[in-house]
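Reading through the structure tokens given below for one structure.
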Amino acid sequence: MTASIHAEKTPITASFRVAQLAATAISLMVAGCILTGFQFASLQQSLTDDLNVQASLVADNVAASMMFLDQRAAAQTLDLLQPPPYLLSVTVYDLEDKVFAEFHRPGATTSDATHLALRREGVDSSLTRIAVVRPVAYRREELGRVVVVASTSRVGIGLLRYVGLFAMATLGALSAAALVMAKTRARVEKAEARMDYLAHTDPVTELGNRRVVYDTIAARMETRADTRGDPRQSAGARFALLLIDLDNFKAVNDTAGHSVGDALLRKVGQVLRHVVRPGDVVGRIGGDEFAVVASPIADVAEALAIAERITAALGRPFHVDGQEVFARASVGLSLYPDDAQNQSDLVSNADIALYDAKSLGKNTFVAFKREMTVATQRRVAMERDLRKAIDRGELDVYYQPQFDCATGVLVGAEALVRWCHPEKGFIAPAEFIPVAEECGLISHIGLWVLGRACRDATRWPGKDTAPLTVAVNVSARQLRDPAFIDRVSEVLHSSGLSPSQLELELTESLLMEDVDTAVAFMHAIRGLGIKLSIDDFGTGYSSLAYLQTFPINKLKIDQSFIRQLPSTHFTIANAIISLAHGFGLRVIAEGVESPEQLAWLQEAGCDVVQGYLFARPMDRVALQSIMTPVQSAA
């Protein structure tokens, strides 16, 4: 199980949630106090209104008795009252403030102070009692006053009921709020966890993504900075970054489909987890690119050992959806702080080492070295100059003449791109062609060479002899480009060159990278009437079964087999010539530089030769100058 680093989160603690609930409770309490005060005033006002009604009824009923000073009748009137439970007493006073008649609920008393205070109409209240005074009058003549006293227990009971109901409602609201908050928090935490997962995890392999790798590097560098004062701990803070790039993943995607490609990526991720150490971090940082942050690392040898285990594990076939698929990978690594002092340089150096590993033939591993930076800078500068060269028209097409091996008659020429730098002079194709392939310029350059060669070939003599052919190399990018065939057809149409005069050369190794695509391409080209030849034959390890399926016209023997003729390699060269003739193909030998080589090839039955023995690559003017004499001599 590999370690991983995720962004730290600050969880909402239980105390914070309690504080939220406490704030809610305080808000409800404040609201409750306000509402309780309002309810108290409302209940008291209601009681006062009832007492006013009672006092008015008594005043109306005892008015006649007071007019005739009939206390007995007034007393009887009071006795006939059916007072509510909260009514304590009813007292009728005459104009001299003497008691004219009165009613007292058993056990209830009224203080003289209350009566003395109520000499005039009004209301007097306390915590336990409330009194109301109403005048007794007959035909607008005042006869006395009625004092009605009641208990405030009705108000208290009503208020207690209200407070109890509000308390229950408050508890219910707090419980509901707590439940909603808990559920909301759970959803938020789940969403945050999901977002954190998506932000740090590659969805295909479930490895850490680019962010995790870079965060890990930053954390390791901080650890190194913190331990810089302690030599022992600082030495243990060294770590390595390994960049892993699958060598033929695009071919898997193109031939088996993206579902198989994704399944292969998952298996690669599982293998990487298994082969690295428990404390190392594995991540997917690109389409087919992975990274390993190995920490701690004692030295470069330990990092190379990890890289070796990775390439060995990925070099074995994978079984995906019933298919046997090969991943294979190139690994580039750099060490911190040995090779870099910051994250950007560390990643850049590992990428430089990865590029070097791929240039060595892939399926290997390389540790960064300082001199690689110089080569990379030179490559970047060359790419920049090459882009300018295309815009400025510094590229030119040279031609390597091809001759009939038996008669020495000129039969065609191979088109070769040349670059004359305004300051550096001629730059070898072996230097700038790989750069053009890497940065994607090779398709543009190849199409330009094709157009130029076709236009030049239309000016070559051939009225009285067989038309001369022009051979143009096809790059890997052009072979995989679905629109390339249409562009070839457009070039032939615009230039006016006969398709039979054009010959496209494909390297054997290029064909073997993706046989099905190559065969489909070759059939489409042959359908246009264009010739095909396999260049560098003998170096790509193609089988005879494949050779029978290729719709080609010629085999071109690689110069590595011609160079040692006739002393060595004659067996291989003779076998290739016999094999080609057996399949009805013509044979071209390139790199012929001595009469002995030519003599042997003539004896072996080779059809066409080219090399410095006859002519070096030349521009179109020089080529045309040798055509007329050669053709007339024929």
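The values are calculated or read from the model by the stated rules, or taken from the named source; none is laboratory data. For clarity, every value in this text was computed on a predicted model and none was experimentally measured. Quick reminder, even Gly has a Cβ in these numbers, built from the backbone with ideal geometry, and neighbours come from all protein chains shown. These area figures cover heavy atoms from the full protein model, side chains too; ligands, DNA and RNA do not enter into them. Shrake-Rupley method; radii C 1.70, N 1.55, O 1.52, S 1.80 Å.
A few points about this structure:
- Enumeration of residues in region 338-363 that are in contact with a Ser or Thr (Cβ under 9 Å, 6 or more places away or on another chain) and open to solvent by less than 40 Å² (accessible area, probe 1.4 Å): Ala340, Leu346, Val347, Asn349, Ala350, Ile352, Ala353, Leu354, Ala357
- Subset of region 54-110 that is acidic (Asp, Glu), modelled with pLDDT of 85 or more and touching a helix residue (DSSP H, G or I) at 6+ places or on another chain (Cβ under 9 Å) - its residue that is most open to solvent (accessible area, probe 1.4 Å): Glu102
- Hey, Arg154 open to solvent by 80 Å² or more (accessible area, probe 1.4 Å), more than 21 Å from Ser46 (Cα to Cα) and modelled with pLDDT under 85 or not: no
- Region 414-443 residues that are under 30 Å from Phe403 (Cβ atoms), paired with ones that are among the aromatic types (Phe, Trp, Tyr) and open to solvent by 20 Å² or more (accessible area, probe 1.4 Å) (beta carbon under 6 Å, 6 or more apart): Leu416/Tyr398; Arg418/Tyr398; Cys420/Phe426
- Tallying residues that are of a type outside the set (Lys, Arg) and closer than 30 Å to Leu265 by Cα within region 170-204 yields 13.
- Restricting attention to region 126-143, the residues being of a type in the set (Gly, Ala, Ser) and either crowded, with 16+ Cβ neighbours inside 10 Å or at pLDDT 75 or above (or both) number 2.
Condition check ((1) part of a helix (DSSP H, G or I); (2) modelled with pLDDT of 85 or more; (3) closer than 30 Å to Gln624 by Cβ) across all residues:
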{"residue": "Pro461", "(1), (2), (3)": "no, no, yes"}
{"residue": "Ser500", "(1), (2), (3)": "yes, yes, yes"}
{"residue": "Ser509", "(1), (2), (3)": "yes, no, no"}
{"residue": "Phe521", "(1), (2), (3)": "yes, yes, no"}
{"residue": "Leu555", "(1), (2), (3)": "no, yes, yes"}
{"residue": "Pro566", "(1), (2), (3)": "no, no, no"}
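- When the residues of region 162-198 are filtered to those that are within 28 Å of Gln39 (Cβ to Cβ) and of a type in the set (Ser, Thr, Tyr), the one that is least open to solvent (accessible area, probe 1.4 Å) is Thr170.
- Enumeration of residues in region 568-597 that are in a loop (DSSP other than H, G, I, E, B), β-branched (Val, Ile, Thr) and surrounded by fewer than 15 Cβ atoms within 10 Å (Cβ to Cβ): Thr568
- Within region 279-294, tally of residues that are modelled with pLDDT of 90 or more and either aliphatic (A, V, I, L, M) or open to solvent by 10 Å² or more (accessible area, probe 1.4 Å) (or both): 8
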